[in-house]
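Here is the structure we will look at, set down as structure tokens.
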Amino acid sequence: MKNKKPVKVKKSKKTNSERHDIVANKKLASAKTEFRMELINALCETDVKIITDGGRVDCTRLIEAAKQNPDIVKKFNDIPDIKLEKALTARVVRREGEVRLEQTLQNIAPIEICRRILIRGGGMVRGKLMSIPDRVSEWCALETDGAKIRERLIQELGDALKSISEQPVEKLIKDTLADK
């Protein structure tokens, strides 16, 4: 078996962690350091060389510049973050919508209850209208004038429908719910 020569690995000037601290642009630096873009731009104007010769951002130097210039950092931290404000506003609006939806859903009656209320109401209308012939049949048998019969039937129908409309709907609903 031949002896193989050991392969020499070239050592780079920068370690892995240092290499990862240099990013392609300010947006990536903002994501990595969680600094806002306005703050990064302001720190780039300081004496600390943050931008490398290749136009990349050195995050380590950026953090050093932030430590050396606490007044700039404070100034930009006091300015409200518009994106954050919009996100918080959207969250509040969404939560208000969810609350309104919950309240609306609490006020909606289930279909089965609505069906029972309609059946009970329809039965009430049918009962009132079906009682009309019993009340007017003898009178109609004695009356020979068709106009008077028609007028009396219209009057009886109107009275029956009026008595139905005067009954409170709440009572109908309450009675229906009580009959479970």
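Just so it is clear, none of the values below were taken in a lab; they were calculated from the coordinates. No experiment lies behind these values; they were computed from the predicted model shown.
The table below gives the values:
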| item | result |
| --- | --- |
| Partner aspartates and glutamates for Lys74 [C-alpha distance under 20 Å; skip if fewer than 8 residues away on the same chain] | Glu34, Glu38, Glu45, Asp47, Glu64, Glu85 |
| Anisotropy class of region 66-180 from Cα gyration tensor, a/c 1.5 cut | prolate |
| Calculated on alpha-carbon atoms, Rg and Dmax of region 111-178 in Å | 15.7, 49 |
